[in-house]
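Only one structure is covered here, and it is reproduced in the block below.
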Ligand code: NAP
């Protein structure tokens, strides 16, 4: 498989043998952590597998890659100078624009000198007597630290599908999350793409414009809403910059880390005419959350959700000319229970003569052959296959490292029936290990940067608390953790989220326990709970 140009030799520097904090990952979490740790006069190293900062935005370079949160909201709030001086170009910036922002932050705060690039962490073990972690890298280095922070992101362990014959294929293959840095020219090629999540939905229209022929293999249709992307106007930038503090506060108190009007009505208490007018407005708004937050009960009532679902189905039928293709593109699960996508010309792309949709519910893939993809009814031949097949989400990046806590307990074993955390930040048996946006926190159900900043601040306050009180370690009690896991499950059970076979449920990885992993109670409520825990002397943790 062609992957990003990341196979250069290791970082030539040798990391220090001992620091206060080891951080894994130099995405938005790791960068902010490093900046704050320096401000606290704590020594730190960051290990990063890529050749530069940026995390998600370093790896996911597929054509059409963009964020689906608006740039002025999807940005750090910790530095007013940064907020004021940075100039975003687009409403929904492209991957290169976001990567440039990450690089600007790294330059501006001189972060790279403590980041060891091209360095994958392979193992970490806790020494109970010393209350230290020893973190090992693929290059044989070992660093000892009091604190160990996994800032590895929720969607970083990419996943190829379990389809027989994957290695037999003779043409070029690509995974959207490991796109070659130099780009790919599909001109004149017959291309097959497997997967119609956000990565597929964003890349399909762009690849379709280049390729001679594009065949899309769809197992589960996505709900996709038009992004209505555009250049930002100077007046709206100026307005946001003048009001940033109030906006940031509203982000922190909101449900998804995005201030939205709070709905007051049920979708079922208004007329069909009124409802459709509201949905139409939301469709035109170019927003991931506008439809879902239009009424109080769209994420909790099947009947209410059915009204929004029917609206989107109608839109798909209006846009896509071939009725069978339109029908195949209509999702059958409730809107919002798999992460919706924001697109540019996604449904319109199916009106092109060179684009074909294969509904895998009717004709499943049987195998990958030397020439292409064999479905139950026929073989398709390709010059290239793109896997837009997603990630071992939320837990993959954590369990891919051999993390051993007290008594050699492995995190993989501890989480064999699903991730178990307290607040999505820490896990019993693993003192002084912190996760940024871990399972059990709002994470992927939020504007990630808002949740990242909240977790980094909370974790560093906790570390500061230990230092000021002459304490060495903190670890959640099993009781607090069990109660938190129950709470996370209970909140999910009030919603429609568990109804879809989503990566949030672990459903895309065969054998992965079926557990709804993020905290669905909202960013603002969650923050309050975390703050209460801290205010009560880190209630639910044993400090020693
Ligand atoms: P994804 O949402 O998990 O989508 C993977 C796709 O591959 C799904 O359609 C899945 O079908 C399909 N697939 C997996 N295994 C398959 C198999 N064996 N046979 C056929 N189809 C198979 O992954 P993603 O598109 O990379 O997106 C993941 C998440 O990353 C998003 O939900 C979003 O949170 C984030 N993301 C965000 C943006 C953005 O901000 N704009 C862009 C990209 C990604 P099933 O659904 O049936 O499993």
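Report for the chain the percent antiparallel among DSSP-assigned beta bridges with both residues inside it, nearest 5.
40 percent
Cα axis of helix 272-285 to longest principal axis of the chain: angle in degrees, 0 to 90, nearest 10?
Once rounded, one gets 70 degrees.
In nm, to one decimal, how far is the modelled label at residue 543 from the one at residue 228, with both set 7 Å along Cα→Cβ?
Result for the modelled spin labels: 4.9 nm.
Sorted by mean Cβ packing within 10 Å, highest first, what order do the peptides 130-142, 186-198, 80-92, 429-441 take?
Packing order, densest peptide first, comes out as 429-441, 186-198, 130-142, 80-92.
Please compute the modelled spin-label separation between residue 417 and residue 284, points set 7 Å along Cα→Cβ, answer in nm with one decimal.
Calculated label separation equals 5.2 nm.
Any idea what the relative contact order of the chain is, in percent, if you count C-alpha pairs under 8 Å spaced at least 6 apart?
19 percent
Fully extended, how many nm does the chain gain between residue 187 and residue 529 (0.36 nm per residue separation, minus their Cα-Cα distance)?
117.9 nm
Assuming 0.36 nm per residue, please report the length gained on full extension of the stretch residue 536 to residue 478 beyond their Cα-Cα distance.
Here the segment from residue 536 to residue 478 would lengthen by 19.1 nm.
Once the Cα atoms of helix 198-210 and of the chain are each reduced to a long axis, what angle between those two axes, in degrees from 0 to 90 to the nearest 10, is obtained?
50 degrees
Residues of segment 468-498 with backbone nitrogen within less than 15 Å of a virtual label 7 Å along the Cα-to-Cβ line of residue 409, please, listed as ranges.
Taking a point 7 Å out along Cα→Cβ of residue 409, the residues of segment 468-498 whose backbone N falls under 15 Å are 474-485.
With a cut-off of 18 Å, note down the residues of segment 319-357 whose backbone N falls inside the zone around a label point 7 Å from the Cα of residue 276 toward its beta carbon.
319-320
Can you tell me the relative contact order of segment 348-495? Whole percent, Cα pairs under 8 Å, sequence separation 6 or more.
That works out to 16 percent.
Can you give me the relative contact order of segment 422-513 as a percent, contacts being Cα pairs under 8 Å and 6 or more apart?
The value is 29 percent.
Angle, helix 28-39 long axis vs. longest principal axis of the chain, Cα atoms, 0 to 90°, nearest 10?
20 degrees
Set the Förster radius R0 to 35 Å, insert the Cβ-Cβ distance between residue 10 and residue 268 as r into 1/(1 + (r/R0)^6), and round the FRET efficiency to 0.05.
0.05
Between residue 104 and residue 501, how high is the FRET efficiency from 1/(1 + (r/R0)^6) when r is the Cβ-Cβ distance and R₀ = 41 Å? Nearest 0.05.
The computed FRET efficiency comes out at 0.60.
Calculated from DSSP H runs of 4 or more alone, at -39500 (n - 2.57) each and per residue, what is the 222 nm mean residue ellipticity of the chain, nearest 500?
My calculation for the chain gives -9500 deg cm²/dmol from helical runs alone.
If R₀ is 22 angstrom, what is the calculated FRET efficiency for the pair residue 356 and residue 166, using the beta carbon separation as r and rounding to 0.05?
0.50
Taking 0.36 nm per intervening residue step and subtracting the Cα-Cα distance, what contour gain separates residue 249 from residue 139 on full extension?
Roughly 35.3 nm would be gained on extension.
Modelling each spin label as a point 7 Å along the Cα-to-Cβ direction, I'd like the residue 84/residue 379 distance in nm, to one decimal.
So the two model labels end up 6.6 nm from each other.
Throughout, read-outs are computed from the coordinates displayed, never taken from laboratory work. Since the model is a prediction, treat every value here as computed from it, not as a measurement. Heads up, the Cβs are rebuilt from the backbone with ideal geometry, glycines too, and the neighbour counts pull from every protein chain shown.
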